[in-house]
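This report refers to the structure that appears directly beneath it.
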Amino acid sequence: MPSCANVSTLGELRFCRDACESSEYARVGVEGNVSGIFCYPCNDQCNPDLGCSGPNATECGGCAEVFNVLNGTCITECPIGTYEDELRRCVPC
């Protein structure tokens, strides 16, 4: 099985590179017949400039919109019973 010494990307084109983009996270795995470290896109709720450690909205380095302190996730707007504070966090009323 071919392998990539550095980071590889998913999709039609597979190539090696030094690191994932800031809007991606790396995971060791096998895609097709290639094994190595692959880059996967962060959750849409994550701020693309701050990155993530995995695919979930709880694994963002920072939120694109607001952070819900009640459950630790990035979301698009604060739920009922909360408001957005000056740090862009949803906090209870």
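Here are a few things to note about the model shown:
- Ordering 32-44, 57-69 by mean Cβ neighbour count within 10 Å, with the highest value first, yields 57-69, 32-44.
- Under-5 Å amide H pairs with residue 73, H placed in peptide plane, nonlocal only: 68
Computed from the coordinates by the stated procedures, all read-outs in this text should not be read as laboratory data. Here the structure is a predicted model, which means the values were calculated and not measured. Note that each Cβ is placed from the backbone with ideal geometry, even for glycine, and that neighbours are counted across all protein chains shown.
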